Amino acid sequence: MSELLFEIGTEEIPAGYIQPALQFIRENAGNLFRELGLVHGEIKTMGTPRRLAMAVYDLQEKQPDRVVEHIGPAAKAGFDEAGNPTRAAAGFARSRGVAVEELKVAVTPRGEYLVAVEQVKGRYTRDLLPDLLATLIRTIPFPKSMRWGEGTITFARPIQWLLALYDGEPLELAIDGLRAGTVTCGHRFMAPEPVRVGSCRHYIDLLRERRVLVEPEERREAVVRQVRTAVEQRSGEAGAVPVLDEELIDTVTNLVEMPWGICGRFDARFLELPREVLITSMREHQKYFPVAGSDGGLLPLFVAVNNTQVEDLDLAASGHQRVLRARLEDALFFFREDKKRKLGDRYPDLAGIVFHHRLGTMLEKSERVAALARWIAGLIDPSREEPVARAAMLAKCDLLTEMVGEFPSLQGIIGREYASLDDETAEVADAVHEHYKPVRAGGELPAGRVGAIVGMADRLDTLAGCFAIGEKPTGTTDPFGLRRQALGLLHILLHHRVHLSLTDLVGRALDGYRSSVEIAPGAAEQIMDFIRLRFENDVIASGTRPEVVAAATSVGFDDVADCMARVRGLEAIRAREEFTVLAGSFKRIRNIIKENRETIIDERLLADDAEKELHSTFLAVKSAAAPFLEKRQYDQALAVMLQMKEPVDRFFDQVMVMTEDEAVRRNRLNLLTALGQLVLRVGDISRMHLEGAS
């Protein structure tokens, strides 16, 4: 087994490009090795702003020999009536480099065909790697790429050098005239000289000596260590600790090749700014870490992470301090200007912000959302109608503030801060922020009921408006983030266990547009299907089997929380052996009853012992399952229904359902229909029947 080391040296790549590129290299290198039939061990990817690298361990030295069968013309077209090869057979044999006599006849699903058997000798890995590595370079996707000089390839930034070693020896690889060698470069400023590499381990240690931590995990740990050390050594504050935001750590890790932490200060008067404003000012524009005291409050301190070591820390800190001071001066000015006017007083000015050129202004949207939110509150918590309406009115007002204009990511957060300063209730202020949650898949959900209701109304309004005018997502475009809106709606409903009719919600949201928009035909049904598909995909992605989800949604999706409870009940009971058998019997029941809807059973027509037993068992099960169904304890309801397994089996073994006596036949169909409708209270378990299962 051999070892491969490959490095692409570049100008500085944007921080957000690096991890996706490394993931692509790892996954696609594995795919290419698999296609070539090459077995390998670990594929390790490494990277900094100036390099993307890959080490492959225990790489097979040569492809295995293999036999390839090439399908040719049909056998009947390859030989004439006398058994002599035709021109078709001769041409096929010639094209595959074999004699006609060596052709074989193989039986395929389409019939008998001529086959040429080729013995393919495996190639040496060294000979295969140059094309494989060139393919990797040319196919790495970046959000934006560039072409430079007279080159033909595009890349995130110009490529400066290539390193390609196979078992310590250079590979013959060239891209746009740039030949791969055996050298890499250290830190651009602290160790810029090229240095020869001998192996993967040597590569990592060599770069570390030259002020480059090429392994992202090691560099990330160093960033955290440097930030903490800078605070400990230079803050002068007992109990001071950096506020370590995970996303910021990831970003800074990919901005430097070796981190050096510098602790700086800012004027304490800037602590007048809300905490989130201070943090955002430092994090988003400067990539600085805030510092908090032992009580959790922010201190007038920050930590910058440099890419180079500096001797004069005070001088370096002063440079960062000047840059941050200008940013905080702007933020403080915006904050003081914003406070001159209450958040609620800005509400009429929302008429100047367009929500959608066909759906009106943000003021009109806010009015619709407030009405819809009040209606939802009336259904689930009438005591919240007033705070819900107030929160909905204020929800978008911070779009008009200077602060959100400067820091768009503070939308909602600033609304909460300003609402609190205006003496709005904590419930209303929190809802202004929380109605945006979840911001992304898996994100934090609104904790308060008011924020949850406003969030549902806001998402329903956007979905209804876009579908009403036919602006639905396509396979490649979703400009209004409707998939995210639908998932957010679903997650709020599930998190708060709200039992509402989704059909009614969608209908009410569409009603808000009827006076201003001509609703597209079938919009309500399309919205329902769209949300259902998002639900199904989301639950399946979480690990639930598709047939379980289909069994639940196929019998009802109007109450999302109820549907999820049925999914969990079905998933909990799925593995029991008797359930598998009952699912098969239920599939048979569904096929027999077809369009029958009657469930009235005439006990006088029950003649056979097996059907009498099934009827009595059904009545007992229906009674025992009722309280569980009422409480939505579907796993327990299904456990009770399993009692019908053996009576159903005996019924099918001993009773002819489709008897000639019409009254008896109808009675037996009604019995099966009643049984089926009981099971369908949870799900169509026939969809969970696996063919061949017993």
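The values are calculated or read from the model by the stated rules, or taken from the named source; none is laboratory data. Bear in mind the structure is a predicted one, so any value in this text is a computation, not a measurement. As a convention, Cβ positions derive from the backbone with ideal geometry for all residues, glycine included, and neighbour counts pool all protein chains shown.
Yes or no, residue by residue, for (1) surrounded by fewer than 19 Cβ atoms within 10 Å (Cβ to Cβ); (2) within 18 Å of Gly556 (Cα to Cα); (3) not acidic (Asp, Glu):
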{"residue": "Glu613", "(1), (2), (3)": "yes, no, no"}
{"residue": "Leu619", "(1), (2), (3)": "yes, no, yes"}
{"residue": "Lys622", "(1), (2), (3)": "yes, no, yes"}
{"residue": "Glu630", "(1), (2), (3)": "yes, yes, no"}
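Looking at Leu206, is it surrounded by 18 or more Cβ atoms within 10 Å (Cβ to Cβ) and in contact with a Ser or Thr (Cβ under 9 Å, 6 or more places away or on another chain)? Taking the combined requirement at face value, the residue satisfies it. Restricted to segment 502-558, the set of helices (runs of 4 or more DSSP H) holding at least 3 residues that are outside the structural domain of Trp375 (by TED's automatic domain parsing) comprises 546-553. The residue pairs whose first member lies in segment 602-622 and is over 13 Å from Arg665 (Cα atoms), whose second member is not in a helix (DSSP H, G or I), and whose beta carbons are closer than 8 Å, counting only pairs six or more residues apart or on different chains, are Ala610/Val655; Lys612/Leu606; His615/Ile601; His615/Leu606.
Scanning segment 595-611 for residues that are of a type in the set (D, E, K, R) and buried (at least 18 other Cβ atoms within 10 Å of the Cβ) turns up just one, Glu611. Inside segment 184-282, counting only helices (runs of 4 or more DSSP H) that do not spill past its ends, which hold 3 or more residues that are over 19 Å from Ala304 (Cα atoms), out of contact with any Gly (no Cβ under 8 Å at 6 or more places or on another chain) and in contact (Cβ under 8 Å) with a residue 40 or more places away in the chain? So the answer is 200-209.
A quick yes/no check of all residues on (1) crowded, with 24+ Cβ neighbours inside 10 Å; (2) aromatic (Phe, Trp, Tyr); (3) assigned by TED's automatic domain parsing to the domain that holds Leu328; (4) under 32 Å from the mean Cα position of the chain (by Cα):
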| site | (1), (2), (3), (4) |
| --- | --- |
| Gly360 | no, no, no, yes |
| Ser383 | no, no, no, no |
| Lys396 | yes, no, no, yes |
| Leu399 | no, no, no, yes |
| Met403 | yes, no, no, yes |
| Ala419 | yes, no, no, no |
| Glu424 | no, no, no, no |
| Tyr436 | no, yes, no, yes |
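Of all residues in segment 568-597, those that are farther than 25 Å from Met656 by Cβ have Cβ atoms under 8 Å from Cβ atoms of residues that are surrounded by fewer than 17 Cβ atoms within 10 Å (Cβ to Cβ) and modelled with pLDDT under 85, 6 or more apart or on another chain, in Thr580/Leu690; Thr580/Ala693; Thr580/Ser694.
Restricted to segment 642-694, and to residues there that are among the β-branched types (Val, Ile, Thr) and within 13 Å of Leu582 (Cβ to Cβ), the residue that is surrounded by the most Cβ atoms within 10 Å (Cβ to Cβ) is Ile685. Picking from residues in segment 288-324 that are outside any loop (DSSP other than H, G, I, E, B) and β-branched (Val, Ile, Thr), the one that is farthest from Thr229 (Cα to Cα) is Val323.
Within this structure, Leu490 fails the test of being at pLDDT 95 or above, out of contact with any His (no Cβ under 8 Å at 6 or more places or on another chain) and either crowded, with 24+ Cβ neighbours inside 10 Å or not assigned by TED's automatic domain parsing to the domain that holds Val539 (or both).
Within segment 265-315, the residues that satisfy the criterion of being surrounded by 21 or more Cβ atoms within 10 Å (Cβ to Cβ) and of a type in the set (Ser, Thr, Tyr) are Thr280, Ser281, Tyr288. Would a scan of segment 462-475 turn up a residue that is of a type in the set (S, T, N, Q) and under 18 Å from Phe355 (Cα atoms)? Checking segment 462-475: at least one residue is of a type in the set (S, T, N, Q) and under 18 Å from Phe355 (Cα atoms). Among residues that are outside any helix (DSSP H, G or I) and over 20 Å from Glu417 (Cα atoms), Arg368 is not included. Take the residues of segment 660-694 that are at pLDDT 90 or above and of a type in the set (S, T, N, Q): which is nearest to Val567 (Cα to Cα)? Step by step, filter segment 660-694, then rank; the result is Gln677.
Number of residues in segment 447-479 that are assigned to a loop (DSSP other than H, G, I, E, B) and among the small types (Gly, Ala, Ser) equals 4.
Among the residues of segment 545-593, those identified as small (Gly, Ala, Ser) and over 26 Å from the mean Cα position of the chain (by Cα) are Ala575, Ala583, Gly584, Ser585.
Report yes if Tyr288 is out of contact with any Lys or Arg (no Cβ under 7 Å at 6 or more places or on another chain), aromatic (Phe, Trp, Tyr) and either in the same structural domain as Asp312 (by TED's automatic domain parsing) or farther than 30 Å from Gly168 by Cα (or both), otherwise no. Here the answer is yes, as Tyr288 does meet what is asked. A search for C-beta distances below 8 Å between a residue of segment 635-660 that is closer than 24 Å to Ser623 by Cβ and any residue that is charged (D, E, K, R) and in a loop (DSSP other than H, G, I, E, B), counting only pairs 6+ apart in sequence or on different chains, returns Ala637/Arg681; Leu642/Arg576; Val655/Asp608. Summed over segment 1-13, residues that are assigned to a loop (DSSP other than H, G, I, E, B) and under 15 Å from Pro216 (Cβ atoms) total 1. Taken over segment 171-183, the criterion of being out of contact with any Lys or Arg (no Cβ under 9 Å at 6 or more places or on another chain) and either modelled with pLDDT of 90 or more or over 18 Å from Thr10 (Cα atoms) (or both) is satisfied by Ala174, Leu178, Arg179, Ala180.
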